[in-house]
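Presented below is the structure to which this report refers.
The values are calculated or read from the model by the stated rules, or taken from the named source; none is laboratory data. This is a predicted model, so every value here is computed, not measured. As a convention, Cβ positions derive from the backbone with ideal geometry for all residues, glycine included, and neighbour counts pool all protein chains shown.
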Amino acid sequence: MTITPNAGLPNGGDRWFLPDELSKNLEDKYPGLSRDEAAEVLSAGWEFMRCLVPEFTSWERYLAMTRLLTINLVAEFRASAGDIAFGDLVCGYDIEELLGVVFGDTPVREEMSREYRGMLLLTAAKSGMSRHARLLSRLTEALANSPADYFRIRDCDFGSRFTFAGAMACNEVSGGWLSERENQILAEVAVGMYDAIAFHKHQAEGEICNVFAYSDPSLRPSVYRMYREALWALDTTWSRSVAKRCVVNFARYGGGPVHMLMRRYRFVENGLVVGLPESEGTVAAASQNVKLWHHLAPGSSQAGETEVAGSYYRTVMAGERKWLFPGLANLLGQSNAARCPSCRPPEAHRAEETAGFGGMRLCNGCRSEWDAYLRDFPSRLKEVLETPCPSPRSVEMFAMRKFDVRDT
Ligand SMILES: [Zn+2]
């Protein structure tokens with residue numbers, strides 16, 4: 001194990017703990033990052049993996065998966081790491097080789113390669129470089145299309161199904177890969193819980209990926225509770241299968257505990273409180289990438305009509321079969337002619353506000369459709385669980401029935 005002192009960064013002298021395999025040649029692997037920045041990125045990637053995928057049977061696959069997640073962390077604030085449209089070499093690694101180590105000859109290798117590459121592209125698009133402006137502008141509009149489109153794009157952006165499959169691969173399961181519906185449900189649970197907790201962090205970053213930027217923010221507690229109950233319902237149902245048991249951890253940790261356990265978040269700095277409202281200080285810190293956060297400045301998508309931004313976007317779309325999950329190119333390429341004229345693009349509302357979400361500002365009518373979609377989650381879950389909906393009362397009944405000693 002390597003211990004890297006980090007007293008020079010504004011985070012207050014955290015020390016990072018890394019397996020030796022990850023800490024070798026930090027500067028060589030992450031050109032453009034200082035040794036301290038590279039150590040922080042690697043440590044955040046390692047902490048994410050230890051939380052989201054706590055168990056594994058293949059160390060080789062686990063290391064490769066950690067490196068893939070770490071590369072995406074770099075893309076969050078150094079967009080050049082996401083320029084995979086121009087080759088497989090990213091941050092000094094051949095990502096095709098890493099994907100091959102993790103997924104080997106599994107039936108999901110090709111699918112997960114597209115999920116991962118898509119995640120890098122979307123992440124980099126949000127880092128605000130001018131050449132990504134057209135992609136960012138299309139992504140911003142596509143996220144607000146509908147809640148179903150939001151959750152599918154956010155699934156990719158958040159690395160949900162990619163990490164579910166990665167967790168299974170790291171545990172060398174031979175079957176039991178999640179169905180499309182199972183991926184969708186578990187991803188919605190994980191994303192919904194994370195977005196609820198990260199609400200203020202995302203406002204400090206000008207984030208466009210937070211479901212409560214489009215639905216009623218006052219629903220956060222009740223929606224979080226609903227998803228948390230679904231997490232336990234899924235966990236109870238799936239925990240007897242090795243393959244399915246390891247994927248629920250993504251939501252179990254990502255849906256809240258990472259905000260306390262990982263130094264990437266401000267739990268200690270905020271006096272052991274999770275989810276405090278953003279301040280001028282946190283917005284300024286995000287602009288300086290403190291804790292690897294990134295602030296998406298207003299107007300970042302407005303340079304979308306430049307030749308460079310157009311060329312980059314066309315390159316990405318031309319490579320959709322390799323880089324985008326099926327359907328994403330269509331979502332990005334949709335005409336905005338059919339879009340609700342009452343919803344406001346980010347340029348219109350962000351010019352009046354110094355902080356806050358960076359995405360579309362939905363009108364009341366559209367927002368109420370998102371609220372209804374969230375409230376209807378139990379019917380979507382029911383299809384997967386084939387159990388009663390997880391409303392508070394029915395979940396109580398569900399738990400009693402499952403654990404009733406008369407049944408065992
Ligand atoms: Zn509208």
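Go through region 250-263 residue by residue and tally those that are touching a residue at least 60 places away in the same chain (Cβ under 8 Å) and crowded, with 19+ Cβ neighbours inside 10 Å.
So in region 250-263, the residues touching a residue at least 60 places away in the same chain (Cβ under 8 Å) come out as 250-251, 253-259, 261-263.
Subset that is crowded, with 19+ Cβ neighbours inside 10 Å: 250-251, 253-256, 258-259, 263.
The total comes to 9.
Given (1) of a type in the set (Gly, Ala, Ser); (2) part of a helix (DSSP H, G or I); (3) closer than 29 Å to residue 338 by Cα, where does residue 165 come up short, assuming only one miss?
The one condition residue 165 does not meet is (3).
Return the only residue of 166, 118, 104 being surrounded by fewer than 21 Cβ atoms within 10 Å (Cβ to Cβ) and under 28 Å from residue 56 (Cβ atoms).
Numbers: 166 fails: surrounded by fewer than 21 Cβ atoms within 10 Å (Cβ to Cβ); 118 fails: surrounded by fewer than 21 Cβ atoms within 10 Å (Cβ to Cβ).
Just one listed residue meets the conditions, 104.
How many residues are closer than 14 Å to residue 384 by Cβ, over 21 Å from the mean Cα position of the chain (by Cα) and hydroxyl-bearing (Ser, Thr, Tyr) if we restrict to region 223-240?
Counting residues in region 223-240 that are closer than 14 Å to residue 384 by Cβ, over 21 Å from the mean Cα position of the chain (by Cα) and hydroxyl-bearing (Ser, Thr, Tyr) gives 2.
Let me confirm something: among 131, 67, 61, which residue is assigned to a helix (DSSP H, G or I) and farther than 25 Å from residue 18 by Cβ?
Values: 67 fails: farther than 25 Å from residue 18 by Cβ; 61 fails: farther than 25 Å from residue 18 by Cβ.
131 is the lone residue from the list that is assigned to a helix (DSSP H, G or I) and farther than 25 Å from residue 18 by Cβ.
Of all helices (runs of 4 or more DSSP H) completely enclosed by region 219-274, which ones contain at least 3 residues that are modelled with pLDDT under 95?
220-238, 242-254
One line per residue, one yes/no per condition, for (1) in contact with a helix residue (DSSP H, G or I) (Cβ under 8 Å, 6 or more places away or on another chain); (2) within 28 Å of residue 178 (Cβ to Cβ); (3) of a type in the set (S, T, N, Q):
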{"position": "65", "(1), (2), (3)": "yes, yes, no"}
{"position": "70", "(1), (2), (3)": "yes, yes, yes"}
{"position": "77", "(1), (2), (3)": "yes, no, no"}
{"position": "103", "(1), (2), (3)": "yes, yes, no"}
{"position": "116", "(1), (2), (3)": "yes, yes, no"}
{"position": "126", "(1), (2), (3)": "yes, yes, no"}
{"position": "140", "(1), (2), (3)": "yes, no, yes"}
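Only one residue in 292, 332, 276 is surrounded by fewer than 21 Cβ atoms within 10 Å (Cβ to Cβ) and at negative phi. Which one?
On the way: 292 fails: at negative phi; 332 fails: surrounded by fewer than 21 Cβ atoms within 10 Å (Cβ to Cβ).
Just a single option satisfies the conditions, and that option is 276.
I'd like the full set of residues that are of a type in the set (D, E, K, R) and in a helix (DSSP H, G or I), limited to region 70-115. Talk me through it step by step, then tell me what you get.
Start the filter on region 70-115 by keeping residues that are of a type in the set (D, E, K, R), which leaves 76, 78, 83, 88, 94, 96-97, 105, 109-111, 114-115.
Those that are of a type in the set (D, E, K, R) and in a helix (DSSP H, G or I): 76, 96, 97, 109, 110, 111, 114, 115.
Which residue is farthest from the ligand (Cβ to nearest atom), if the candidates are limited to region 286-344 and must be in contact with a Phe, Trp or Tyr (Cβ under 7 Å, 6 or more places away or on another chain) and aliphatic (A, V, I, L, M)?
Checked region 286-344; the qualifying residue farthest from the ligand (Cβ to nearest atom) is 292.
Looking at region 301-327 only, could you name the residues that are of a type outside the set (D, E, K, R), over 16 Å from residue 131 (Cβ atoms) and in contact with a helix residue (DSSP H, G or I) (Cβ under 6 Å, 6 or more places away or on another chain)?
Within region 301-327, the subset of a type outside the set (D, E, K, R) is 301-304, 306, 308-313, 315-319, 323-327.
Still in the list and also over 16 Å from residue 131 (Cβ atoms): 324-327.
Passing the criteria: 324, 325.
Conditions (1) in contact with a Phe, Trp or Tyr (Cβ under 7 Å, 6 or more places away or on another chain); (2) within 28 Å of residue 287 (Cβ to Cβ); (3) of a type in the set (Lys, Arg), marked per residue:
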| residue | (1), (2), (3) |
| --- | --- |
| 134 | yes, yes, yes |
| 137 | no, yes, no |
| 144 | yes, yes, no |
| 151 | no, no, no |
| 157 | no, yes, no |
| 162 | yes, no, no |
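Limited to region 43-64, what total is found for residues that are of a type in the set (A, V, I, L, M, F, W, C) and over 17 Å from residue 101 (Cβ atoms)?
Within region 43-64, the first condition is being of a type in the set (A, V, I, L, M, F, W, C), and the residues that meet it are 44, 46, 48-49, 51-53, 56, 59, 63-64.
Retained after the next criterion (residues that are over 17 Å from residue 101 (Cβ atoms)): 44, 48, 51-52.
Result for region 43-64: 4.
For residue 357, are the conditions met, namely being in contact (Cβ under 8 Å) with a residue 24 or more places away in the chain, of a type in the set (Phe, Trp, Tyr) and away from the ligand (no atom under 16 Å from the Cβ)? First the steps, then the outcome.
On the way: in contact (Cβ under 8 Å) with a residue 24 or more places away in the chain: yes; of a type in the set (Phe, Trp, Tyr): yes; away from the ligand (no atom under 16 Å from the Cβ): no.
Taking the combined requirement at face value, the residue does not satisfy it.
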